[in-house]
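Encoded as structure tokens, the structure appears first; notes follow it.
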Amino acid sequence: MNLSGNTILITGGGSGIGLAFAERFIKGGNQVIVCGRRENVLQQAKEKFPGIITRVCDLTIESERAALFDWVTANYPEVNVLVNNAGIQQRFNVLKADAKDNWSYFNQEITANIEAPIHLSMLFAPFFAKKEKAAILNVTSGLAFTPLAIAPIYSATKAALHSFTMSLRHQLSDTSVEVIEVAPPAVNTDLGGTGLHTAQGEPLDAFADGIFKGLEEGKKEIGYGTSVSRLRMSRDEINEYAEKMYNAMKDSIK
């Protein structure tokens, strides 16, 4: 992927991994558009990086995803990179979850993590395929390969996005569109709740620098830290790793 001279849309780009990517793309000479649900967070991002373009958007709503595509392509027709980064992580015990009266709470994780990136990819792919160079980056997770049992929906949606990304890469292989998967380990952001990844998460800047090194090298699947080995684990190794993680963290959802 060419890391300069692009116009890039990053979902969930107001904070965390999305903003760290935005910072590096801006420094590389790209025009960057970020969208997110919280206007105050986007304003803070703009104050930090005045050149950034922001758009308030709730990607769990189908009409807002379509409106985002229409707005971006109409106002920034040179857009040629989509980074599907926005996501939600919820940790819960299925024996205590109120799936009858509170399904909307759990369903938003499915909508944000898998429906939204698939929809956006399918909206932008035909538009990008007409360009000389373009790319779609899907941010999955190391948990797509070794599920975290206390975050079952998150793990499942990221596994689904990994599968979709593979299919998308094959379907677009004869076009100008590169399809890249970024699979983070736990990173020190507020994903899932403030402070959850502070102790065990990788430092955000070091992680982002590692991912950009992979982009520079032209890798199509990019991990960092513990997620590198998890991308290539055998089924037995996956089972062992998932059990170890669950036993270490199961008390947190009792």
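The values are calculated or read from the model by the stated rules, or taken from the named source; none is laboratory data. Treat the numbers as computed from the prediction; the structure is a model and nothing was measured. No Cβ is skipped: glycine too gets one built from the backbone with ideal geometry, and neighbour counts run over all protein chains shown. In case anyone asks, the SASA skips ligands and DNA or RNA and just uses the protein heavy atoms, side chains included. Shrake-Rupley method; radii C 1.70, N 1.55, O 1.52, S 1.80 Å.
Quick one: would you say Gly36 is in contact with a strand residue (DSSP E or B) (Cβ under 9 Å, 6 or more places away or on another chain), within 24 Å of Glu221 (Cβ to Cβ) and surrounded by 18 or more Cβ atoms within 10 Å (Cβ to Cβ)? Criteria not met by Gly36.
Of all the numbered requirements in (1) more than 20 Å from Ile114 (Cβ to Cβ); (2) among the hydrophobic types (A, V, I, L, M, F, W, C); (3) open to solvent by 50 Å² or more (accessible area, probe 1.4 Å), Phe212 misses one, and that requirement is (3). For the stretch 69-89, a residue qualifies if it is buried (at least 17 other Cβ atoms within 10 Å of the Cβ) and out of contact with any strand residue (DSSP E or B) (no Cβ under 6 Å at 6 or more places or on another chain), and the qualifying residues are Phe69, Gly87, Ile88, Gln89.
Report yes if Leu3 is over 30 Å from Lys254 (Cβ atoms), at pLDDT 95 or above and touching a Phe, Trp or Tyr at 6+ places or on another chain (Cβ under 6 Å), otherwise no. When the stated conditions are applied, Leu3 does not pass them.
Listed here are the residues, each with its yes/no results for (1) in a loop (DSSP other than H, G, I, E, B); (2) at pLDDT 95 or above.
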{"site": "Val32", "(1), (2)": "no, yes"}
{"site": "Thr54", "(1), (2)": "no, yes"}
{"site": "Thr73", "(1), (2)": "no, yes"}
{"site": "Ala86", "(1), (2)": "yes, yes"}
{"site": "Asp98", "(1), (2)": "yes, no"}
{"site": "Phe106", "(1), (2)": "no, yes"}
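Taken over the stretch 34-52, the criterion of being in a helix (DSSP H, G or I) and not small (Gly, Ala, Ser) is satisfied by Glu39, Asn40, Val41, Leu42, Gln43, Gln44, Lys46, Glu47, Lys48. Among the residues here, Arg65 does not qualify as over 13 Å from the mean Cα position of the chain (by Cα), part of a helix (DSSP H, G or I) and under 24 Å from Pro184 (Cα atoms). Reported count of residues in the stretch 217-252, each being in a loop (DSSP other than H, G, I, E, B) and open to solvent by less than 90 Å² (accessible area, probe 1.4 Å), is 7. Please find, among Thr157, Thr111, Thr146, Thr140, the residue that is in contact with a Leu (Cβ under 9 Å, 6 or more places away or on another chain) and within 23 Å of Ser229 (Cα to Cα). Answer to the selection: Thr140. Listed by first and then second residue, the pairs linking a residue in the stretch 93-105 that is within 18 Å of Ile253 (Cβ to Cβ) to a residue that is open to solvent by less than 100 Å² (accessible area, probe 1.4 Å) and not hydrophobic (A, V, I, L, M, F, W, C), with Cβ atoms under 8 Å apart and 6 or more places separating them unless they lie on different chains, are Val94/Pro152; Tyr105/Gln90. Among the residues of the stretch 170-200, those identified as at pLDDT below 95, buried (at least 17 other Cβ atoms within 10 Å of the Cβ) and more than 16 Å from the chain's Cα centre (by Cα) are Leu196, His197.
Do the conditions hold for Arg65, that is, is it within 21 Å of Ala134 (Cβ to Cβ) and either charged (D, E, K, R) or exposed (fewer than 13 other Cβ atoms within 10 Å of the Cβ) (or both)? For Arg65, the condition - within 21 Å of Ala134 (Cβ to Cβ) and either charged (D, E, K, R) or exposed (fewer than 13 other Cβ atoms within 10 Å of the Cβ) (or both) - is met.
The rows are residues; the columns are (1) of a type in the set (A, V, I, L, M, F, W, C); (2) modelled with pLDDT of 95 or more; (3) in a helix (DSSP H, G or I).
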position	(1), (2), (3)
Met122	yes, yes, yes
Ala125	yes, yes, yes
Lys130	no, yes, no
Ile136	yes, yes, no
Leu143	yes, yes, yes
Ala149	yes, yes, no
Thr157	no, yes, yes
His162	no, yes, yes
